[in-house]
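The values are calculated or read from the model by the stated rules, or taken from the named source; none is laboratory data. Values in this document were obtained by computation on a predicted structure and should not be read as measured data. With ideal geometry, Cβ positions are generated from the backbone for all residues, glycine too; neighbour counts draw on all protein chains shown. The area values use the complete protein model at the heavy-atom level, side chains included, leaving out ligands, DNA and RNA. Shrake-Rupley method; radii C 1.70, N 1.55, O 1.52, S 1.80 Å.
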Amino acid sequence: MIVAEDISKSYNGEYCLRGVSLHVHRGEFVSVMGKSGSGKTSLVEILAGVRTADGGKVRVCGEDVFSLSPSALARFRRTKLGAVYQSFGLISTLTAADNILLPLTMERVPRGQSVKKLNSLAERLGISRCLCKYPDDLSGGQRQRIAIARALIYSPEVLLLDEPTGSLDELNTKNVLNLIREINRATGITVLQITHSRSAAEYGDRILTLEDGKIVQ
Ligand SMILES: Nc1ncnc2c1ncn2[C@@H]1O[C@H](COP(=O)(O)OP(=O)(O)OP(=O)(O)O)[C@@H](O)[C@H]1O
Ligand SMILES: [Mg+2]
């Protein structure tokens, strides 16, 4: 479901990723661990098509991510992929509810059809009281859970999570990871979680490590 072959990436002549290959099968929940600066965010953003690579190939849900046109890539990211970026990527001029519903709004799904799902996700994530607020008026942990709800609202086939619990306390971390594992088991969604936390990584079926620009088992 996620196939990366020989991905390389350097910044200003310095290598960050040097031949990363990764296969995640449909329905699997894989965690990738690595030290700060090891290239985890670079990797996940390359897989999501929001950052370019210097070389290699990426296929996600059967799509060759590097060869999609900008509009096809945007649609692919809205409909097939749910992603939680390390910087969340919320739109500051939209309320939390509108941020979460954005993938559906862009696909012209009537709002009435989405409200039930929005409310149940918000309840599970403990953000029901945040929905009318703007991102700048929320805490880091609340913003992170808004980003998680947005990634889940379209019932994507693949979920890419970059430190999805990095801003959360212990209780919320467990709650979020249990929810993701539950959705993974119930729907067969494929999950790639990036984390530097061993206990968070253990929610996955497999743990890989990114070290010296390569994946080691
Ligand atoms: N846009 C950029 N321009 C130049 N260098 C960059 C850029 N983005 C990342 N880097 C460098 O690439 C390396 C990997 O960064 P990356 O953000 O992928 O690491 P990370 O594993 O996600 O770290 P963290 O755990 O701190 O989030 C770092 O040395 C970083 O300084
Ligand atoms: Mg990072």
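Just a few scattered comments:
- Hydrodynamic radius by Kirkwood, which averages 1/r over all alpha carbon pairs of segment 48-119, in angstrom: 14.0
- In segment 104-217 the Cα-Cα distances spread across 10 Å bins starting at 0 as 12, 43, 33, 11, 2 percent of all pairs.
- Counted without the sites themselves, the longest stretch of the chain free of trypsin sites (Lys or Arg not before Pro) in a DSSP loop having at most 16 other beta carbon atoms within 10 Å is 134-217.
- Extension gain, residue 155 to residue 207, is 16.3 nm, computed as 0.36 nm per intervening residue step minus the present C-alpha separation.
- When the alpha carbon gyration tensor of the chain is reduced to an equivalent ellipsoid, its three semi-axes come out at 27, 19, 16 angstrom, largest first.
- Sum of -39500 (n - 2.57) over DSSP H runs of 4+, divided by residues of the chain (222 nm, nearest 500): -11000 deg cm²/dmol
- For residue 52, solvent-accessible area (1.4 Å; no DNA, RNA or ligand), Å²: 100
- Label-point gap, in nm, between residue 3 and residue 15 - each point 7 angstrom along Cα→Cβ: 2.5
- Charge-dipole axis of the chain as Lys and Arg at +1 and Asp and Glu at -1 on Cβ define it, positive-most pick from 125, 115, 47: 115
- Pairs of lysine residues in segment 2-216 - Cα separation under 16 Å, sequence separation of 8 or more or cross-chain: 6
- Residue list for segment 77-117, given a label point 7 angstrom along the Cα-to-Cβ vector of residue 182 and an amide N cut-off under 18 Å: 116-117
- Distance from segment 78-107 to segment 148-208 (C-alpha centre basis), Å: 17
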